[in-house]
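Let me begin by presenting the structure, written as structure tokens, before commenting on it.
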Amino acid sequence: DVQTKPPRPHWYELYLQPCVAELLGTALFVFTGCLSVLKDSRDTGLLQPALAHGLALGPIISILGGI
């Protein structure tokens, strides 16, 4: 039997795609954090930004985690 080598990943998948995913994930995380502080109500204190950051991490990791 002839054994074939698996194809090597394209340069885009090796270098560019992880950088774009990191940039997009960081931008979404910072954008969510900044938006959570814009409308700061006095009742929530530090809970609102903390919850916004924590709840933003879940979708960002699940969407971009495979890259």
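The values are calculated or read from the model by the stated rules, or taken from the named source; none is laboratory data. Given the structure is predicted, the values throughout are model-derived calculations rather than measurements. Glycine gets a Cβ as well: all are built from the backbone with ideal geometry, and neighbour counts include every protein chain shown. Ligands, DNA and RNA are excluded from the accessible area calculation, which covers all protein heavy atoms including side chains. Shrake-Rupley method; radii C 1.70, N 1.55, O 1.52, S 1.80 Å.
Before moving on, here are some points about what is shown:
- Count of the stretch 18-60 residues which are surrounded by 13 or more Cβ atoms within 10 Å (Cβ to Cβ) and in contact with a Pro (Cβ under 9 Å, 6 or more places away or on another chain): 3
- Flag if Leu35 is touching a Leu at 6+ places or on another chain (Cβ under 7 Å) and either of a type in the set (D, E, K, R) or not in a loop (DSSP other than H, G, I, E, B) (or both): no
- Among the residues of the stretch 1-17, just one is open to solvent by less than 100 Å² (accessible area, probe 1.4 Å) and not in a helix (DSSP H, G or I), namely Pro9.
- Scan of the stretch 14-64 for residues that are in contact with a Phe, Trp or Tyr (Cβ under 7 Å, 6 or more places away or on another chain) and either in contact (Cβ under 8 Å) with a residue 60 or more places away in the chain or of a type in the set (Phe, Trp, Tyr) (or both), ordered by number: none
- The stretch 1-48 - residue that is among the β-branched types (Val, Ile, Thr) and farther than 25 Å from Pro59 by Cα and, of those, modelled with the lowest pLDDT: Val2
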